1. For residues that are under 26 Å from Glu656 (Cβ atoms) and under 31 Å from the mean Cα position of the chain (by Cα), scanning just region 597-625, find the one that is surrounded by the most Cβ atoms within 10 Å (Cβ to Cβ).
2. Step by step: first the residues of region 334-344, then only those that are under 29 Å from the mean Cα position of the chain (by Cα) and of a type in the set (A, V, I, L, M), then the one that is surrounded by the fewest Cβ atoms within 10 Å (Cβ to Cβ). Which residue is that?
3. Could you please tell me which pairs satisfy a Cβ distance under 6 Å, a separation of 6+ or placement on different chains, a first residue in region 547-576 that is at pLDDT below 80, and a second residue that is part of a loop (DSSP other than H, G, I, E, B)?
4. Looking only at region 981-998, count every residue that is at pLDDT below 80 and crowded, with 18+ Cβ neighbours inside 10 Å and tell me the total.
5. Considering only residues that are assigned to a loop (DSSP other than H, G, I, E, B), of a type outside the set (Lys, Arg), touching a strand residue (DSSP E or B) at 6+ places or on another chain (Cβ under 7 Å) and at pLDDT 80 or above, which ones fall in region 811-868?
6. Quick test for you: out of Phe365, Phe347, Phe408, pick the one residue that is surrounded by fewer than 22 Cβ atoms within 10 Å (Cβ to Cβ), out of contact with any His (no Cβ under 7 Å at 6 or more places or on another chain) and either polar (S, T, N, Q) or closer than 30 Å to Arg216 by Cβ (or both).
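The values are calculated or read from the model by the stated rules, or taken from the named source; none is laboratory data. Computed from a predicted model, the values in this text were never measured in an experiment. FYI the Cβ positions are ideal-geometry reconstructions off the backbone, even for glycines, and counts take in every protein chain you see.
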Amino acid sequence: MTLRIVYISIAAFLLVSCSTQNNTWLSRNYHSITSKYNTLFNGEQSFKRGEQQLMRNHQDNFTHILSMFPYSGEEKAGAVKGEMDRAISKGHKIIANKSITARPRRRPPRNSPRYHNFYNRREFNRYMDDAFLLVGKAHLYNHEFNDALVMLDYVVREFPNQSTRFDALIWMARTRIEMGDLDNAAILLDRYDAMGQAPDRLYGEYMATFAEFHIRSGNLREAIPYMKVAADEASGRWNRNRRAYILAQLYKQTGSHDLAASTFRRVIRSSPNYEMELNARINYLMLQGHLDGNHDRARQQLYRQVNQANNREFRDRIYYVLAQSYLSEGDTIMAITNLRLSSGYNFGNQSLKTETYLQLAELYFELPAYIPSYAYYDSTIVSIRDTDPRYRKINHRHAGLKNLSTHFETITREDSLMRLAQMPEAELEDFILALIEEERQAQLNLSIGARDDQRRTGGDHMFQRDFGSQLSRATDSQGQWYFYNQSTISLGKMEFERRWGRRGNEDNWRRADKGTVEAVDYEMTPTQPGEPGFGNGALPVEGQRETAPRAQLIELPTKEELMADIPLTEEQKEITKERLANAWFQSGIIFLDHFNDPTRAIEMFRMFLNDFPTHALAEQAWFWAYMAYNQLENEAGASQMRDGLIRHFPDGQYAEFARNPQYAEAKRQRRQELNELYNDAFNAYINNRFNSSISKSTLIIIETEEEELLRKARLLKAAAYARQGNVTNFENELNILTNDFGTTREGKLAERWLAMMAEGKLPAIGPVTRQMTTATDESDIPETPIEEVVPVDRFNFEPGQEHFILIVVEEDADINRLLFNLADYNFSRFLLADYEIESRTLPDSRRLLSIGSFANNREAMDYYYGLRSNPGLLRAENVNAPMLMAGSVSNKNTLISTGETTEFRDFFSKNYLGGGGGITIQMAFVDQEPEDAAATGAKSFTTSDGTHWVMVVLPPRTNTGRVSGFLTSHALNSFNLRLNTRTINLSGGETVLLVEAFQSASQAQEFTTSLNANNFWNNQLRASNWVMASVSPDNFKIIEQEGTTEEYIKFYKE
C-alpha cells in the first residue's frame, strides 16, 4: 500500500512538473520530445503522403513549360485535402497543447547574455516553429492561400533566430506566386538574402522559387541561371528530373538549342517516367535535326517511334511535335496533316487537344479556309480557360468567324446551286441521279460498319475529296512520292481504321456476312474524338473487342426533293442572287471592320461589284473598297474605286466624300458648330432671352441634316414661342413635330401638349423661374419642361468613373420579381460585393433598374456580360423587350431625367460594344417552354446508352476548384479514369459541374454511386444532399435550352 502511494505521488509530481504553465527543464524537454516524435511526426507523414499522391497523379502539359511544384494549378485545389487537413489538425494540436510561453522561474543574471536571450524568448518548445511551418505548407497545398500566409508570416516574425524563418519565407514567396501576386513575391525573395546566413539545405529550393517567379513573370532568359542551380541542387527523382526538363525547355525557348539538346539528353539518362523520357527524346531528336540541318532524319526516327507498341498512348504528342517541325520549315500542308493525326489519336489529353485545335484554327485562318478555321476556334474556346492570355484574341477571331463562316457557306451553297441551274436539263438529271446513287452506296457501306466520309468528318476539309488538290497528288510539297511520305501513309492508315476498324489479314474482309469464311477477331479503333462538326459518340476502349453495329438506313432523297433547291425559275434565281450579294458584301464589311484586313475586304467588294454591279449595296461597296485602298495607302486602287463611285453614283450620299477628302472633316466641323449653336439657343432660353433662342433654333432648322437635332431645335423653338405668349407659332411648331416626327419622343410630347391645349389649357407665359427636372404634371397649366430640350451631346464616355448597370423595362413590368431575381443573382455570385439595386421611373413611365456601383467601366462590363449570358434572370411578368446597358453616374442621371433610351442605346453600343448589338433582349426567344412540345418541335429527354456525363448541381458559393479537383482525383484513384470537368452557368441561375466523359450510362451511374459512399464527399465537401445525375450529351443540350435541371431530374428519377 505504501509503494502504491509512492508511485501515485511520483506520477502526480511528474504531471505537475510537465505542465505547459510550468517552464522547467523537464517540462520543456517533455513537450518538445512528445511534439516531435508523436504529433508532429504524424502530421509530417500525412503531408508527405499527400505530396506523394499529388506527384503520382500529376498530369503534365508538355506543350508548355512544366509546372515546378506539385501543388501548382487551379485543378489541384482540394485534390489531397484529406491528408493536408490531417497535417493541419496535427499542427494545431501542437500549437494548442504543447506551447510553452511561461518564463522560467530563475531570472537571468546580468553577466549571462546567453541565458538572458533564452529567458526573453516567446516560445520555449523547440519544435513549435516546425508546427506553424507544417500548417502553412499544408494550407498552400489546399490552395487556402490567406491561411497559409498567416501561419508562415507568424514563423518569420515570432522565430527570428530559427532557421525555419528561411523555410517560411520561401513558402510565403511560393504562395504569393501561386496567387499571382508577383510584386509581393519579389519583395519576399529579395528579403531572403537580407535576413542573414541561410542554411545550405535551402539553396536549391530558394533558386527554384526564384526561377518560378521569373517564369511566371515571362522573363525566361532571367530564369535560366536560377533554374540551372535548382536542377543541380535538386533532391529526389521527381524534382531532379522535372527541374532538368524545365531547364531544357527554357534553353529551347530562348534559342540555346545546343544547350537544350544536351539538357534533354541529360533528362533521358536520368531514368524519368516513360512519358517524360519520351517527350525528352522527341525534343532531343528535333533539336539535333535542327542543329545538324537534317530534319528529315529526325522525323524518320519519330515516325518509327509512332509505330512502337509502347508509344500508342503518346502518338498524339509525337504527331504534334512533327507538325511543329514542318511549321518551322514553312510546310503548312504537312503541318496540318500531322496536327490532324495528333487530334485523331488524342484520347483524353485535353491540354494538348486544345493546343492542337488552336493551331489548326490559326493555320486554316491563314490559308485562308475560314469555315474549318471557325470550327476549330469554336472547339478551342470551349476548352481554353478565360484566364489564358490568348483568350481575348481567340474570342475576337471566333466572334468574327462565326458570321464570316456563315456567309462563306452561303456563297458556297448558292454558287453551287446557280451552277447546277445553268446545266442542260439532261446533264442536270444525270448529275442528280448520280448523287442519289452515291448516297445509296454510302448507306450500304454504313450498314456494314463503314461511315460516310462527310458524316465522319463533319465537313472537315482534311478528309474530303476536294482537299485532294493538296494531299492527293503523286508527290508532296517536298517532292516525295505518295507512298514514301510517312505522314500521308499514317493519315491513310488512320482513315482506314476509322472506317473499317483494325482488321486481321484475311480475304473478303469487307463482306458483312462472311458465311464459311473464318472470322478473325480484331480491335476496333475509336473514332476520332472531339472533332469539330460531329458528335462524340461512345468510344470503345482500346483493346475491347466488339463489332460494328449495323446502321439503320434512312430514306434516300428523291430527284424531286433535290431539284427543289435548285433555282430554275427567274424568281428563284433572283432570291439566290440576293443571298450571294449580301454574303459577299457582309464578308467584306467583316474583314474591314472586325479583322482590320483591308486586302481581303477589297477582294470581297470586287467580287460583289463584278457579279452585282447594279445591286442596292453597290454604292456602299464602291465606297468601302475606296476606304480599304486608302487604309492600305494604295493610291492607284483608291483612285479607281473613287472614279467608279462617282461615275456610277454621281448624286449618291457617298460621292461627295470621294470627291473632296476634306468633306468628312468639314461635315464633322459644321455638325459641331450646330451643336454648339444649339447649346447657345438652349442657354438663351434658360436666361429668358427668347428671341435669341428662336433665331438660333431657326438657323439650326434651316442648316442641319440630322433629324435628331432638327427635332430638338423645333421643340426648343416651340417652348420659346410659348414663353412669349405666341400661341399660334407654338401650335404650328407642335403640329410640324406631330406630322413629321410623330413616332419620336418629341413628336409624342408635342401631341400631348396639343391635347392639353384642346382641353382649354394654355402654356405658361413669362420668364423661366426654375429648371425642371421632372415631367410637368398634366393637371396644371403646362410649363416647358427644360429637361426635354437638353443639348444633343448629353452623354459622355467616362471609363474611369463610377458605373452602374442600367436595365430599362416596360411600365407595367413586375419590378418585384426582377428585384428578387437580381438580388438572388448578386447574393450567389458576388457575396463580397455590396451591389445596390434601385428602381426609378422614366419620364415616359417606363422603369429603370440600376445595379451598382462599380469602380469603372471594366468592372461594370464584366458584370454586364455575366448578366447578358443569363437572360433568364430578366424573366418576369410583362417584361418583353428589356434593354441592358451600362453607364457612368452622370449618364445614369441624364437618362433618368430625359428618358432618352434610344439615344443612350446608340451611345452605349458605340462606346462600350464597338457598335455591336444585343442590347435589347427579346424575352419571347429566351428559354421558351411551349405547352405542347410535340406541336412546337421541342425536344424531349430520351433514354440511351453510349457516352454519358455526370452532372452535379452546385449550391451557391461552392468552391468549384475544390470539387473539381476531388472528382478528377477520385476518378483516377478509384476507376483509373482520366476525366475532365467544366462548369456551366444555366440561364435559370443554376451552376452545374460536368464530369466527362464516361463510356456508358452504367459507368456514369457507378461513379455517382461511389460518391454517395465516399467520406470526403459526404463529410468534408458536405455534398451528400447535392443533386447529382448521369446525363447524355443530347439530354444536356435540352437542359441548356431550358435553363434548368428541374425537368431532367424528374425524368432521371422516374
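1. Keep residues of region 597-625 that are under 26 Å from Glu656 (Cβ atoms), which gives 598, 601-602, 604-606, 608-610, 612-625.
This time we only want the ones that are under 31 Å from the mean Cα position of the chain (by Cα), so: 598, 601, 604.
Numbers: Pro598: 23, Ala601: 25, Met604: 27.
Looking at residues that are under 26 Å from Glu656 (Cβ atoms) and under 31 Å from the mean Cα position of the chain (by Cα), I get Met604.
2. Ala335
3. Short answer, once both residue conditions are applied: Ala548/Gly449.
4. Final tally of qualifying residues: 3.
5. Step one: list which residues in region 811-868 are assigned to a loop (DSSP other than H, G, I, E, B), which gives 811-814, 830-835, 842-846, 855-856.
From the residues that got through so far, the ones that are of a type outside the set (Lys, Arg) too are 811-814, 830-835, 842-845, 855-856.
Those still in the list that are touching a strand residue (DSSP E or B) at 6+ places or on another chain (Cβ under 7 Å) too: 811, 813, 835, 842, 856.
Of everything in region 811-868, those that are assigned to a loop (DSSP other than H, G, I, E, B), of a type outside the set (Lys, Arg), touching a strand residue (DSSP E or B) at 6+ places or on another chain (Cβ under 7 Å) and at pLDDT 80 or above turn out to be Glu811, Ala813, Leu842, Asn856.
6. Working: Phe347 fails: either polar (S, T, N, Q) or closer than 30 Å to Arg216 by Cβ (or both); Phe408 fails: either polar (S, T, N, Q) or closer than 30 Å to Arg216 by Cβ (or both).
Going through Phe365, Phe347, Phe408 in turn, the sole match is Phe365.
Conditions (1) touching a Lys or Arg at 6+ places or on another chain (Cβ under 7 Å); (2) over 30 Å from Gly255 (Cα atoms); (3) crowded, with 22+ Cβ neighbours inside 10 Å; (4) at pLDDT 90 or above, marked per residue:
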residue: Ala198; (1), (2), (3), (4): no, yes, no, no
residue: Ala208; (1), (2), (3), (4): yes, no, yes, yes
residue: Ala211; (1), (2), (3), (4): no, no, yes, yes
residue: Ile215; (1), (2), (3), (4): no, no, yes, yes
residue: Leu220; (1), (2), (3), (4): no, no, no, yes
residue: Ile224; (1), (2), (3), (4): no, no, no, yes
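Matching residues to (1) farther than 30 Å from Leu250 by Cβ; (2) assigned to a helix (DSSP H, G or I); (3) outside the structural domain of Glu212 (by TED's automatic domain parsing); (4) modelled with pLDDT of 85 or more:
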residue: Ser27; (1), (2), (3), (4): yes, yes, yes, no
residue: Tyr30; (1), (2), (3), (4): yes, yes, yes, no
residue: Lys36; (1), (2), (3), (4): yes, yes, yes, no
residue: Glu44; (1), (2), (3), (4): yes, yes, yes, yes
residue: Leu66; (1), (2), (3), (4): no, no, yes, yes
residue: Phe69; (1), (2), (3), (4): no, no, yes, yes
